[in-house]
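Below: the structure, in structure tokens.
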Amino acid sequence: MLKRLSQCIREYRTDTLLSPLFVCLEVAMEVLIPYLMSKMIDNGIHTGDMHYILRLGGVLVVCALLSLLFGAFSGHFAANASAGFARNVRHDMYYNIQDFAFENIDRFSTAGLVTRLTTDVTNLQNAFQMVIRILVRAPVMLVSSLLMAFRVNSRLALTFLAAAPVLALGMAAIIHWAFPNFQKMFDCYDRLNSVVQENVTAMRVVKAYVREPREIQKFQHASGEIYRYSKAAECVVVFNAPLMQLCMYGCMMGLSWFGAQFIITGSMRTGELMTMFTYTMQILMSLMMISMIFVMLTMSRASAERIVEVLNEKSRLTNGAQPLTDVPDGSIRFDHVDFSYSSGAAHKCLDDICLDIRPGETIGIIGGTGSAKSTLVQLIPRLYDVSGGSVQVGGHDVRSYDIETLRSEVAMVLQKNTLFSGTIKENLRWGDASASDAELVRVCKLAQADDFIRTFPNGYDTQIDQGGANVSGGQRQRLCIARALLKKPKILILDDSTSAVDTKTDAMIRRAFREEIPDTTKLIIAQRISSVEQADRIIVLDDGRVAGFGTPAEMLANNHIYQEVYHSQLKGGAQDAES
Amino acid sequence: MPNPKPMPHGPRGRIPGKRPDWKSMRPGKILGRLMGYISGIYRIQFVIVLIAILFSSLASVASSLFLRTLIDDYITPVIGQAAPDLAPLTRVLLLMICIYILGMASTYLYSRLMINISQGVLKQVRDEMFAHMQTLPIKYFDTHAHGEMMSRFTNDTDTLRQLISQSIPQMFSSAVMLVSVLISMLALSWQLTLLLGAMLLTMTKATQFIGGRSGRYFIEQQEKLGRVNGYIEEMINGQKVVKVFCHEQAAEQCFDELNDELCDAATRANRFANILMPIMSNLGNLQYVLTAIVGGALAVSGLAPLSLGDIAAFLQLTKSFTMPFTQISQQLNAVVMALAGANRIFQLMDEPPETDGGYVTLVNAAYDENGALRETDARTGIWAWKHPHQDGTLSYTRVRGEVRFYDVDFGYTEDKIVLQNITLYAKPGQKIAFVGSTGAGKTTVTNLINRFYDLADGKIRFDDININKIRKPDLRRALGAVLQDTHLFTGTVMENIRYGRLDASDEEIYAAARLANADGFIRRLPLGYQTMLTSDGEGLSQGQRQLLAIARAAVADPPVLILDEATSSIDTRTEQIVQQGMDHLMEGRTVFVIAHRLSTVRNANAIMVLEHGQIIERGEHDDLIAARGKYYQLYTGALELS
């Protein structure tokens, strides 16, 4: 875990190293200053030697200024290093997420990823800063003070050795008991987040069903869990302060008792006892800092684990050794394809699918809800890998292509489609960043989106809200189609992408496809018979199996499911619109 | 589409939260309100905490003063004695042990109590905030970024934890130490104390300057963090689209920019915070040297009655003085951040809630032997409006499901009217369909019936009662809704359907699922009705999600139903069967339906064709077709129907 995280330091290595260096210098000054001060009291004040006081005072001022300078530098470098480290961690995580396959995306929730990229990274950033500053400072302080203490009076300094194991054991126990609770606490935070997120997005449902009391109850349960576990964790951590005090006060008592006897018997001077006390304070203060850091690190360990989980998540889909970078044509072949979303699932989503689609063909796909239509087409741009058999595009297995090449040739309009905040132009240019304005207009005309875009006051520069919330469902679908067309793909897949578009416009889109992009292989998943009945061939899916594959006329003649759908819609009157 | 069109946002979408207005924030007031939470429930505990802190700080002051006493009064007198009397020494050590034990116990006590208080307050703040959020009007949710609301429950509330559990006790204990040390100093020499005061002023100024800067940068950091948060939320939600378009690089570039901004802000904030500590401690050192020089000069010149021992003691105190002072200044960042967090929390809590002037309630009713309607606790299937009158009498009206609009005008903002002169009626059991192009105001009409928004003019009567007089929860309970965007909750399928009516039995739930034709696919799920749904029903198809929403409405069994494009994503085969179920569901109910499919509106009792917020045609299917108007155009596909 640490190894993976330390790879994120990179260009901030200098800062990361300079910071502890200056910390050491600062500590040196801090050890020196009390020494000089005690000298000033013993040799200056007690003798009333003004000259000595002034001289040493001057030295002390210089030391203080140096200490300030070193401290400021270490602070400066530590800030650079920690903020930079956090930046790199976020960078690595986000880039790794970009490499995720659909399967990986399904594994993490959006809320979870957001927390990991923000809250968890902030925790880690604080921990990192603490490590390079205080975790360096405290041991240096500890060691130098201990050395000085032993130099002053080694027998008396043994007192510290008695205190050390007590402190160490106590701290270990605290960490041991607190950590599991902290971990649970973080999980509870995720749950709280998801309760709030669901509540806010589904506010209309909540209000429509008057479920506010129930939502409040749900929330109180989640916040109660946080209360429980944070309290449990903190109740353990709370022993930290008294433990420290026990050791500190214990040492002081020991020093006083033995020290007094040494002094009385003349084997030690009072000044030395004073110095020992100063070192006691310094030693215990640094021990306290170390213990505090350990508590903080314990808390951030949970964050670090969650971060590393994202960093180490390997994309399930990777390019082969020598990926093909050219898709010869738009033919598609399914060769005994099996698929299930999780390995070991008893129920196969797709079962022994064999299909052969020629370039330029228009294929309609219909089937009931849950018949795996979307799953079938998602295998073509390799959004998922098959569990068995193979999918071939242009005569080669999709796994042999460079993924980016494959996906730019296989354009897919997803069922759950999203527009992003930005102008219409910006959204369209996802398909091709270098597309000219004229090109944008051309694809929008194809997708029958040009007309409505022009009715907006700002036309193509109209601002789209997050998720495309400010355009209608039909408009959103047409924009998504235009965006996909801009890729000039060899294969175009529409996954129920015109469901909110009226039948006439739907027909116009299909006509435009036929006339303008005849060479592109088109796969159209639809619920409406009218959307597929002019296709070259139709695939009827039923529960993960191909129940029929042939021309619309053949299907109408002998496919039972197709007939049923056909007649049901005929009766519904949707055919009126087509005529 | 949801018609409330939010204001256009910046190129990178919503910036969570308003820019925290540093100047307008009123720290005193916020802190006071926060303390109100503590003194509200935890008054006694908090007083005990303060007392315990007092003891704990005094114990540590005692330990720093103890040394001089020990040497001067107990060791020096017996030095060199052949048979020293160690009894006084033993006594004073035992006394100190007692003080220390007391100190330790106090430390434990206050830390432990502080956990109760801080966690308790946090829970209360969270719960109150959430409960208040539930009362806010839909408009609030339309106009605020969701990620930003979420962060108030976690990030902002957590800043309070730091404040309550650490900053407040530590600042109090530091203050106690400061005061006690100050008193000891004054006792030794007022002149030197004066000097200390001057130095203190400098330190305060330095703290103010640096602390203020760093506080501002910390707030800037939070703001940038919010921006990164918003960007990640949007992009990860659309991650599959990003993948399909191989848009990873562009997404990374954009992220890098925001990430760099955040990094810069974080660097600045931390730099100032980090530098504060060395500045403070070294100002302390300078103070020490200055005191030594001035004290020495005073003593040597004889201007002040100072012994050299006094100066030594004073110097010792100077050290114990700077430490708590530094600690206080260190806590300032946390305080600034907590105040900013508290400010955002209180802002949410101060949002005016949805107004509800209603007093008519919905009750279960039954007919007594005289044939009069009486209220009952049992679920009878008969609902009645309970109408209290000014003279104190009650009257009951049976819920029939009649809805009438009288000249209704409405606009999401005052200057833009979305609906105009809407007058329509739905008799009990009738099916009213709304059709029209995007933005015509169909969804808005239904949003007015359940009072998601309030009318600008005109009125709506439900069973002849002005809906403004009906309590909103009761009104909404009388209305079932299948909304445009299906939302499911984390929980089992069973729980999601039961959302419609919490006391529904398992049998009723199966029945509702069968009615919506959801039973088949639910039983095919790995754990059937006990299958857990997460992330808004991830893994279910749109159609399946809608079936669940329909089942949810079915189990609610309301007299009036609102169906908003409910069947748009179900495949036609399934829809056929759902339609049958829906027909059962609609039986005996008043239904308002907004649909894409003309087949679903065809058999409506009345069809309202909306355009630009006005009803331009109304009537039955055949009449409208014969009229060859807008409906005819829509029906024949000449216009988009959405």
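What percentage of the solvent-accessible surface of the stretch B:263-409, computed with a 1.4 Å probe over protein heavy atoms, is contributed by carbon and sulfur atoms?
On the way: 3310 of 6120 Å².
Carbon with sulfur: 54 percent of the solvent-accessible area.
Return the distance in nm (one decimal) between the two label points of a simple spin-label model at residue A:536 and residue B:43, each offset 7 Å from Cα along Cα→Cβ.
A separation of 8.4 nm, rounded to one decimal place.
Report the FRET efficiency, 1/(1 + (r/R0)^6), for residue A:436 and residue B:409, where r is their Cβ-Cβ distance and R0 is 41 Å, rounded to 0.05.
Numbers: r = 46 Å, r/R0 = 1.11.
E between residue A:436 and residue B:409, to the nearest 0.05, is 0.35.
Could you compute how much accessible area chains B and A hide from each other, both sides summed, with a 1.4 Å probe? Nearest 100 Å² is fine.
On the way: alone 33470 and 29800 Å², together 48520 Å².
Rounded to the nearest hundred, the buried surface is 14700 Å².
If you look for lysine pairs in the stretch A:2-312 that are eight or more places apart or on different chains, how many of them have Cα atoms under 26 Å apart? Numbers along the way, then the final one.
Details: A:3/A:184; A:184/A:218; A:184/A:231; A:207/A:218; A:218/A:231.
Pairs that pass both the separation and distance tests number 5.
Quick one: accessible area per residue over the protein assembly as shown, 1.4 Å probe, rounded to a whole number of Å²?
Details: 48520 Å² over 1221 residues.
Value for the protein assembly as shown: 40 Å² per residue.
Can you pull a Stokes-Einstein diffusion coefficient for the stretch A:408-448 at 10 °C (1.306 mPa s), Rh from Kirkwood over Cα pairs, as a whole number of µm²/s? It would help to have the intermediate numbers written out before the result.
Working: Rh = 11.3 Å.
For the chosen part, D equals 141 µm²/s.
Taking a label point 7 Å from the Cα of residue A:387 along the Cα→Cβ vector, which residues of the stretch A:532-548 have an amide N closer than 18 Å to it?
Residues A:542-546 qualify, since their backbone N sits under 18 Å from the label point.
Each residue of the stretch B:291-307 in order: what ³J(HN,Hα) in whole Hz does its phi give by Karplus 6.51 cos²θ - 1.76 cosθ + 1.60, θ = phi - 60°, with x for Gly and Pro?
Those phi angles translate into 4, 4, 5, 4, x, x, 4, 4, 5, 5, 6, x, 6, 10, x, 10, 8 Hz.
Which angle between 0 and 90 degrees, to the nearest 10, do you get for helix B:506-515 versus the longest principal axis of chain B when only C-alpha atoms count?
The answer is roughly 50 degrees.
What are the trypsin sites (Lys or Arg not before Pro) within the stretch A:298-358 that DSSP puts in a loop, where the Cβ has at most 14 other Cβ atoms within 10 Å? Walk me through the intermediate numbers first.
Numbers: sites: A:301, A:306, A:314, A:316, A:333, A:348; in loops: A:314, A:316, A:348.
Answer by residue number: A:314, A:316.
Given a 1.4 angstrom probe, I'd like the percentage of the accessible area of chain A that is carbon and sulfur, rounded to a whole number. It would help to have the intermediate numbers written out before the result.
Values: 13040 of 22380 Å².
Within chain A, the accessible surface is 58 percent carbon and sulfur.
Given the Cα atoms of the stretch B:246-367, and with Rh set as the inverse mean 1/r over their pairs in the Kirkwood sense, what is Rg to Rh to two decimals? Can you show the working numbers first?
Details: Rg = 30.0 Å, Rh = 21.3 Å.
Ratio of gyration radius to Kirkwood radius for the stretch B:246-367: 1.41.
Would you mind calculating the gained length between residue B:304 and residue B:355 on full extension (0.36 nm times residue separation, minus the Cα-Cα distance), in nm to one decimal? All intermediate terms of the calculation are to be shown ahead of the outcome.
Working: separation 51, 0.36 × 51 = 18.36 nm, distance 7.23 nm.
Full-extension gain reported as 11.1 nm.
5 Å is the cut-off here: which amide hydrogens, built 1.01 Å from N in the peptide plane, fall below it relative to residue B:412, excluding neighbours closer than 5 in sequence?
B:418
Let me have the relative contact order for chain B, percent, based on Cα pairs under 8 Å that are six or more residues apart.
Numbers: 880 pairs, mean separation 83.0, N = 642.
Answer for chain B is 13 percent.
Could you tell me which of A:157, A:318, A:142 has its Cα farthest along the dipole of chain A towards the positive end, charges placed at Cβ (Lys, Arg +1; Asp, Glu -1), taken about the Cα centre?
A:157
Take the cross-link list B:442/B:472; B:139/B:442; A:445/A:490; A:487/B:442 and give me the ones stretching past 24 Å between alpha-carbons.
Going by Cα-Cα distance, A:487/B:442 fall outside the 24 Å limit.
Strictly greater than 34 Å: what percent of every Cα pair in chain A meets that?
For chain A, the share of Cα pairs beyond 34 Å comes to 61 percent.
Which helices, counted as full DSSP H runs in chain A, have an axial Cα extent of no less than 20 Å and a Kyte-Doolittle average of 1.0 or above? If you can, show how the numbers build up before the last one.
Values: long enough: A:13-39 (40 Å, 0.90); A:50-99 (72 Å, 0.60); A:121-152 (45 Å, 1.20); A:154-201 (69 Å, 0.58); A:212-237 (37 Å, -0.73); A:240-264 (36 Å, 1.04); A:270-312 (59 Å, 0.95).
Span-like helices here: A:121-152, A:240-264.
For the stretch A:232-298, what is the largest minus smallest coordinate of the Cα atoms on each principal axis, given in angstrom and ordered from greatest to least?
Extents along the principal axes, in whole Å: 51, 16, 10.
Would you please give the FRET efficiency between residue B:102 and residue A:95, computed as 1/(1 + (r/R0)^6) with r the Cβ-Cβ distance and R0 = 56 Å, to the nearest 0.05? Walk me through the numbers before you get to the answer.
On the way: r = 56 Å, r/R0 = 1.01.
After rounding to 0.05, the efficiency reads 0.50.
Out of all Cα-Cα pairs in chain B, roughly what percent, to the nearest whole number, are more than 47 Å apart? Can you show the working numbers first?
Values: 83460 of 205761 pairs.
That tail contains 41 percent of the Cα-Cα pairs.
Would you work out which of A:434, A:127, A:205 lies farthest towards the positive end of the dipole of the protein assembly as shown? Charges go on Cβ: Lys and Arg +1, Asp and Glu -1.
A:127
Give, rounded to the nearest 20 debye, the magnitude of the charge dipole that the stretch A:417-488 has about its Cα centre when Lys and Arg contribute +1 at Cβ and Asp and Glu contribute -1 at Cβ. Present the calculation step by step, with values, prior to reporting the outcome.
On the way: 10 positive and 8 negative charges, 51 e Å.
Approximately 240 debye in magnitude.
Provide, as a two-decimal number, the C-alpha radius of gyration of the stretch A:41-185 over 2.2 N^0.38 Å, N being how many residues it has. Write out the running numbers ahead of the final one.
On the way: Rg = 24.4 Å, N = 145, 2.2 N^0.38 = 14.6 Å.
Compared with the compact-globule rule of thumb, the stretch A:41-185 sits at 1.68.
Return P(r) of the protein assembly as shown (all Cα-Cα pairs; 20 Å bins starting at 0; whole %; ordered from short to long distances).
With a bin width of 20 Å, the distribution comes to 10, 33, 29, 17, 9, 2, 0.
From the C-alpha gyration tensor of the stretch A:99-236, pull out the three semi-axes of the equivalent ellipsoid (sqrt of 5λ each), sorted largest to smallest, in whole Å. Please list the in-between numbers first.
Numbers: eigenvalues 451, 77, 26 Å².
Working from the Cα gyration tensor, I get semi-axes of 47, 20, 11 Å.
Assigning unit charges at the beta carbon (Lys, Arg +1; Asp, Glu -1) and nothing else, what dipole magnitude in debye, to the nearest 20, does the stretch B:173-282 show about its Cα centre? Before the final figure, lay out each step's value.
Details: 9 positive and 11 negative charges, 124 e Å.
Its charge dipole is roughly 600 debye.
Between residue A:164 and residue B:416, with labels modelled 7 Å along Cα→Cβ, what's the label distance in nm to one decimal, could you check?
7.3
Take the Cα gyration tensor of the stretch A:417-488, multiply each eigenvalue by 5, square-root it, and list the three semi-axes largest first, rounded to whole angstrom. Let's see the in-between values first.
Working: eigenvalues 51, 32, 27 Å².
They are 16, 13, 12 Å, listed from largest to smallest.
How much net charge surrounds residue B:169 when only other residues with a Cβ under 15 Å from its Cβ are counted (Lys, Arg +1; Asp, Glu -1)?
Values: positive: B:112, B:161; negative: A:234.
Around residue B:169, the surrounding residues sum to +1.
Can you list the residues of the stretch A:314-332 with backbone N under 16 Å from a point 7 Å past the Cα of residue A:396, pointing along Cα to Cβ?
A:318-332
Taking the Kirkwood radius as the inverse of the mean 1/r across Cα pairs, report the Rg/Rh of the stretch B:447-514.
Taking Rh as the inverse mean 1/r over Cα pairs, Rg/Rh reads 1.07.
Provide the FRET efficiency to the nearest 0.05 for the residue B:249-residue A:297 pair, computing r from the beta carbons and using R0 = 51 Å. Could you put the intermediate results ahead of the total?
Numbers: r = 36 Å, r/R0 = 0.70.
It comes to 0.90.
Calculate for the protein assembly as shown the 222 nm mean residue ellipticity that helices alone would give, adding -39,500 (n - 2.57) per DSSP H run of length 4 or more and normalising by residue count, nearest 500 deg cm²/dmol.
Numbers: 42 runs with 728 residues, N = 1221.
Value at 222 nm, helices only, nearest 500: -20000 deg cm²/dmol.
What span do the alpha-carbon atoms of the stretch A:432-579 cover on each of the three principal axes, reported in whole Å from largest to smallest?
Principal-axis extents of the stretch A:432-579 (Cα, largest first): 50, 32, 29 Å.
For the stretch B:146-294, compute Rg over Rh where Rg is the Cα radius of gyration and Rh is the Kirkwood radius from the inverse mean 1/r over Cα pairs. Can you show the working numbers first?
Details: Rg = 23.3 Å, Rh = 19.3 Å.
Value, to two decimals: 1.20.
How much space per residue, in cubic angstrom, does the convex hull of the C-alpha atoms of the stretch A:2-312 take up? Please list the in-between numbers first.
Values: hull volume 52.3 nm³, N = 311.
Cα-based convex hull of the stretch A:2-312, divided per residue, equals 168 Å³.
Give, ordered by residue number, each residue of the stretch B:245-282 whose 1.4 Å probe accessible area is reduced by a minimum of 50 Å² on adding the remaining protein chains to the chain alone.
For the stretch B:245-282, once contacts with the other chains are taken into account, B:245, B:246, B:247, B:252, B:255, B:259, B:263, B:270, B:271, B:274, B:278, B:282 lose 50 Å² or more.
Spelling out what I want: for every residue of the stretch A:417-426, take phi, set θ = phi - 60°, compute 6.51 cos²θ - 1.76 cosθ + 1.60 (Karplus), and round to whole Hz; glycine and proline get x.
Along the stretch A:417-426, the couplings run 9, 9, 9, 10, 5, x, 7, 4, 4, 4 Hz.
The values are calculated or read from the model by the stated rules, or taken from the named source; none is laboratory data. Values in this document were obtained by computation on a predicted structure and should not be read as measured data. Neighbour counts run over all protein chains shown; Cβ positions are idealised from the backbone, glycine included. Note: areas computed on protein heavy atoms with side chains; ligands, DNA, RNA excluded. Shrake-Rupley method; radii C 1.70, N 1.55, O 1.52, S 1.80 Å.
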